[in-house]
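The values are calculated or read from the model by the stated rules, or taken from the named source; none is laboratory data. Since the structure is predicted, the reported quantities are computational estimates derived from the model, not experimental observations. Note that we place each Cβ from the backbone using ideal geometry, even for glycine, and neighbour counts take in every protein chain shown.
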Protein chains: 2
Amino acid sequence: MVNPILLPEIRLMLAEQDSQGLLEVATELHPATVADFTEGLSVDETWQVLAHAPLAIQADIFSYYSNSKQEELVEGGGRQRMSALLEEMAPDNRVDLLKRLDERLVEDLLPLVAKAERQDIRTLLSYPEHSSGSVMTTEYASIPADISAGEAISRLRIQAPNSEMIYYIYVLGDDRHLLGFVSLRDLILARPTTPVSDLMERDVISVRVDEDQEDVAKKMARYDFLAMPVVDTTGRLVGIVTHDDVIDVVVDEATEDVHRMGGLMPMDEDYLEASFASVWRKRSFWLSCLFIAELFTFTALAKYETLIEKVVILSLFVPLCISTGGNSGSQAATLITRAMALGQLRPQDWWRVLRHELAMGLALGLTLGSIGFFRAWLTPAHVLAAPGNTDITATALAIIISLSVAAICLWGTLVGSMLPLVFKRLGFDPGFASSPFVATFVDVTGIVIYFTIAQIFVDFT
Amino acid sequence: MVNPILLPEIRLMLAEQDSQGLLEVATELHPATVADFTEGLSVDETWQVLAHAPLAIQADIFSYYSNSKQEELVEGGGRQRMSALLEEMAPDNRVDLLKRLDERLVEDLLPLVAKAERQDIRTLLSYPEHSSGSVMTTEYASIPADISAGEAISRLRIQAPNSEMIYYIYVLGDDRHLLGFVSLRDLILARPTTPVSDLMERDVISVRVDEDQEDVAKKMARYDFLAMPVVDTTGRLVGIVTHDDVIDVVVDEATEDVHRMGGLMPMDEDYLEASFASVWRKRSFWLSCLFIAELFTFTALAKYETLIEKVVILSLFVPLCISTGGNSGSQAATLITRAMALGQLRPQDWWRVLRHELAMGLALGLTLGSIGFFRAWLTPAHVLAAPGNTDITATALAIIISLSVAAICLWGTLVGSMLPLVFKRLGFDPGFASSPFVATFVDVTGIVIYFTIAQIFVDFT
């Protein structure tokens, strides 16, 4: 986010070397606000402003810049400055940054970072993308079980500067095994002599470090936690995922779902920042797949070429009939995919969904079929009377169109509602049953439905 | 979420009147877990289990049940029990519940609720849906500015039982005007004699009670707060929105966007719980609009009836050509709508988007056009040689198809990328430029593009 309101003032302060003013700008506002105000400065100007704040605040502000600005700052910042900043940054933020940087640049910077931080970075970098490990931070507060509430608060005071979250304190046993947690609220409310073991919550809900970040988000949303402990396969605490990172996960996952639904491979870059070649690859891949699938509409239509030559007017209603299936299918697929993402539906519910969508598809089909009937019935005489069209009356045409529209609408609804459940069942992302995918599938089959119905009436009359 | 693992055990405890066991179930697990385990019980059984826990825990568990279960419990719970529970529930949760209940039932319950809570309920009920006021809670912790850190902690101990969030404490002046806030972290770290006025953050970021909940969510996500203060027009603190409610808002807003994109009016009910009539209305409205718009494909095709009669094979490629526009349009619309929702794009950026999509549309058009060329070129001789098709060669057909596909793909990309920006500019939700909407629009115009190109070639040869 760029907020250019203060830019001229900040530039003036830089020109006048107004250290006091710059210190105030950098330290008295929320780091996110400082980032918004200085996003528009050049790399050199930005570093000059940052230099006025203590290193910890510099690191905070830095992590609120856009990805592209962060990368520019790294390149224009010099190794000494950047390695000091990396040591100060929150573990999850700095790993996010390092993942995006050029590998050579990272190998250039890392040797200058203190050993403890360097090890932390290597560990966090090793977790696969989209795992809990990839979004967690290692700066949590922890205490043993055998101390008192008063002593716990004293220890917390020491840990606070290095902990991202001090409102949940994790109680660890031997070898960092997670025994439970206690909230700062409970510590404050308890008498100082109460042992931590009496206060702590033992039914602790945690996630495994290799679990999907989406599962973390779902659990956090369900249990309303401020942070969620992340453990390894043996139950040792390795990190925590905090509330603010969960919001980012929820937003990212929604973006992924939306992109899949729109028929493109998920993109995590900013629209204006992404490279042309990578966007082209992601967009053309699905468009080409859909195009190749859509080639079958030609194959299907070719089967009815003789019928079309006899009654050309039938071909004029093809787009109307098949788009009905595409639209009703998209609608159903969207509804079911989202309901699954929200945990309202599981593949086991397919029978309830089928009954529901059967009734809904019929109701929607009747609605659209009625509209279609009147439109076809009102076909102007000169269109009907064109040379090829001697075999059909307006009424017959109206019946063909309304029946086809109703049948294709029902078919689209059923396909759109069942495909996401089938995909989920088979272990694919239900989002692949996206609107364009369903629409393409229903286009081809819709042609067969339409001309089968038409053939019956044409043969009959 | 239903978790049936413990159901038989809980039923056994109820049959054996095992009060100790039921007390443990109800109090030692996370309230959300208790709700999951007991969701499958009957209304009477559920109330029997709940009765073993203190009222505060009952209220917690209650708020984790699904909407339909909550409503059943209210109806089967009796007025006395429910009014006591309502007094204990978190203000935001109980208002959510009351909004969903039958009005007569609410008017029946409210007189039994204590006066202070009743007033709180009426105030919260008065805020419009989707406003900050509608998602906030009134149970926050507050202190005056002129006390010490030590005294602040003592006061916090008293307020804690009635505060949803005690990690941010709001500093209020005369008449509840918001002066700043201090975190419990800072209070704990400070010397007990330090005045609150020295510790507090004065640059406090707040939202107005009538602001959209989406703005609250965006600010919380940007600033990583645990809670956000909500003020009235004169700057008085009226409530706070907490981190857990923001996750719900983010999820709800994503659902709304996804539904709009899929061509249906946003639905906030659970898929399996929503009433048939209301779902039919929401689905048939958009489907009918799209169907009526799609009728113009017939009107457009009718204009080219003579050409089709002459070269019937042209009609066999109509679905392929127009679906290309629909797919490329959906893709572009999805990308741009999501980028705007994420704040990466604003309508002012239209020029950059247009240049970008012009290049992308050409690249995608060339890709699909090449595939189309070869497919049309390979049209079997017997399809080409059908009686009506004496006028066209496979090469001419291949050129017509590839040019049309490329042009329509470009056109779809441009329409799909520009419409959301135009809608946003005009003050509509850009989501209305959904995949089906764009696809329908491009279907009609795609027909015109295709037959214009075809006409030129047919006239020429």
- Query: When the stretch A:354-372 is examined, which residues are found to be buried (at least 22 other Cβ atoms within 10 Å of the Cβ) and within 8 Å of chain B (Cβ to nearest Cβ)?
  - Reply: A:Met360, A:Leu364, A:Leu368, A:Gly372
- Only one residue in B:Phe432, B:Phe457 is at pLDDT 85 or above and either farther than 25 Å from A:Ala439 by Cα or not hydroxyl-bearing (Ser, Thr, Tyr) (or both). Which one? B:Phe457
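Go through the stretch B:339-353 and give me each residue that's charged (D, E, K, R), surrounded by fewer than 17 Cβ atoms within 10 Å (Cβ to Cβ) and within 24 Å of B:Ala254 (Cβ to Cβ).
Of everything in the stretch B:339-353, just one residue is charged (D, E, K, R), surrounded by fewer than 17 Cβ atoms within 10 Å (Cβ to Cβ) and within 24 Å of B:Ala254 (Cβ to Cβ), namely B:Arg346.
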- Item | Residues of the stretch B:341-353 satisfying the condition of being at the interface with chain A (Cβ under 8 Å from one of its Cβ atoms) and either in contact with a Lys or Arg (Cβ under 8 Å, 6 or more places away or on another chain) or of a type in the set (Gly, Ala, Ser) (or both) | B:Gly343
- Of the listed residues (A:Ile188, A:Ile205, A:Ile240), the one being more than 8 Å from chain B (Cβ to nearest Cβ) and closer than 23 Å to A:Ile143 by Cα is A:Ile240
- If we scan the stretch A:56-69, do we find a residue that is farther than 21 Å from A:Val135 by Cβ, crowded, with 20+ Cβ neighbours inside 10 Å and not acidic (Asp, Glu)? yes
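Residues checked against (1) within 29 Å of A:Ala274 (Cα to Cα); (2) hydrophobic (A, V, I, L, M, F, W, C); (3) not in a helix (DSSP H, G or I):
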residue	(1), (2), (3)
A:Leu22	no, yes, no
A:Val34	yes, yes, no
A:Glu45	yes, no, no
A:Val49	yes, yes, no
A:Val74	yes, yes, no
A:Glu87	yes, no, no
A:Leu97	yes, yes, no
- Item | Pair list, Cβ < 9 Å and 6+ apart or interchain, from the stretch A:435-460 residues that are under 16 Å from A:Leu301 (Cβ atoms) to residues that are assigned to a helix (DSSP H, G or I) and acidic (Asp, Glu) | A:Thr440/A:Glu294; A:Asp443/A:Glu294; A:Val444/A:Glu294
- Task: Residue by residue through the stretch B:354-383, note down the ones that are under 39 Å from the mean Cα position of the chain (by Cα) and of a type in the set (A, V, I, L, M, F, W, C).
- Result: B:Leu354, B:Leu358, B:Ala359, B:Met360, B:Leu362, B:Ala363, B:Leu364, B:Leu366, B:Leu368, B:Ile371
- Positions within the stretch A:1-40 being buried (at least 18 other Cβ atoms within 10 Å of the Cβ), within 31 Å of the chain's Cα centre (by Cα) and more than 14 Å from chain B (Cβ to nearest Cβ), in sequence order: A:Thr38
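I need the full set of residues from the stretch B:155-170 which are away from chain A (no Cβ under 12 Å) and free of Cβ contacts under 8 Å to residues at least 24 places away in the same chain, in order please. Walk me through it before giving the result.
First, the residues of the stretch B:155-170 that are away from chain A (no Cβ under 12 Å): B:162, B:170.
Scanning the stretch B:155-170 gives a single hit, B:Asn162.
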- Query: If you scan the stretch A:293-338, which residues turn out to be out of contact with any helix residue (DSSP H, G or I) (no Cβ under 9 Å at 6 or more places or on another chain) and either crowded, with 20+ Cβ neighbours inside 10 Å or small (Gly, Ala, Ser) (or both)?
  - Reply: none
- If B:Thr306 passes every condition in (1) more than 30 Å from A:Ala381 (Cα to Cα); (2) assigned to a helix (DSSP H, G or I); (3) free of Cβ contacts under 8 Å to residues at least 40 places away in the same chain; (4) of a type outside the set (A, V, I, L, M, F, W, C) but one, which one does it miss? (1)
- Task: Note down all Cβ pairs under 7 Å where the first residue falls in the stretch A:406-428 and is free of Cβ contacts under 8 Å to residues at least 40 places away in the same chain, the second is buried (at least 21 other Cβ atoms within 10 Å of the Cβ) and assigned to a helix (DSSP H, G or I), and they're at least six residues apart or on different chains.
- Result: A:Phe423/A:Pro430
- Note on the structure: Reported set for the stretch B:51-67 where residues are closer than 30 Å to B:Ala274 by Cα and part of a helix (DSSP H, G or I) is B:Ile57, B:Gln58, B:Ala59, B:Asp60, B:Ile61, B:Phe62, B:Ser63, B:Asn67
- Mind checking which helices (runs of 4 or more DSSP H) fall wholly inside the stretch B:373-461 and carry at least 2 residues that are more than 11 Å from chain A (Cβ to nearest Cβ) and surrounded by fewer than 23 Cβ atoms within 10 Å (Cβ to Cβ)? B:394-425, B:435-460
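Can B:Ala254 be described as on the phi < 0 side of the Ramachandran plot, assigned to a helix (DSSP H, G or I) and at pLDDT below 90?
Yes; evaluated as a whole, the condition is true for this residue.
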- Task: Please give the number of the condition B:Tyr271 fails out of (1) in a loop (DSSP other than H, G, I, E, B); (2) touching a residue at least 40 places away in the same chain (Cβ under 8 Å); (3) not β-branched (Val, Ile, Thr).
- Result: (2)
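Just checking, how many residues over the stretch A:252-275 are facing chain B (nearest Cβ under 7 Å), among the hydrophobic types (A, V, I, L, M, F, W, C) and surrounded by fewer than 20 Cβ atoms within 10 Å (Cβ to Cβ)?
At the first step, the residues of the stretch A:252-275 found to be facing chain B (nearest Cβ under 7 Å) are A:254-255, A:257-259, A:261-264, A:270-272.
Those left that are additionally among the hydrophobic types (A, V, I, L, M, F, W, C): A:254, A:258, A:261, A:264, A:272.
Those left that are additionally surrounded by fewer than 20 Cβ atoms within 10 Å (Cβ to Cβ): A:272.
Residues flagged as facing chain B (nearest Cβ under 7 Å), among the hydrophobic types (A, V, I, L, M, F, W, C) and surrounded by fewer than 20 Cβ atoms within 10 Å (Cβ to Cβ) within the stretch A:252-275 amount to 1.
Answer yes or no as to whether B:Arg222 is surrounded by 18 or more Cβ atoms within 10 Å (Cβ to Cβ) and within 14 Å of chain A (Cβ to nearest Cβ).
Yes; evaluated as a whole, the condition is true for this residue.
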- Note on the structure: For B:Leu335, the lone unmet condition from (1) aliphatic (A, V, I, L, M); (2) outside any helix (DSSP H, G or I); (3) within 11 Å of chain A (Cβ to nearest Cβ) is (2)
- Message: Can you tell me which residue is nearest to A:Gly180 (Cα to Cα) among those in the stretch A:104-154 that are free of Cβ contacts under 8 Å to residues at least 60 places away in the same chain and in a strand (DSSP E or B)?
- Response: A:Ile143
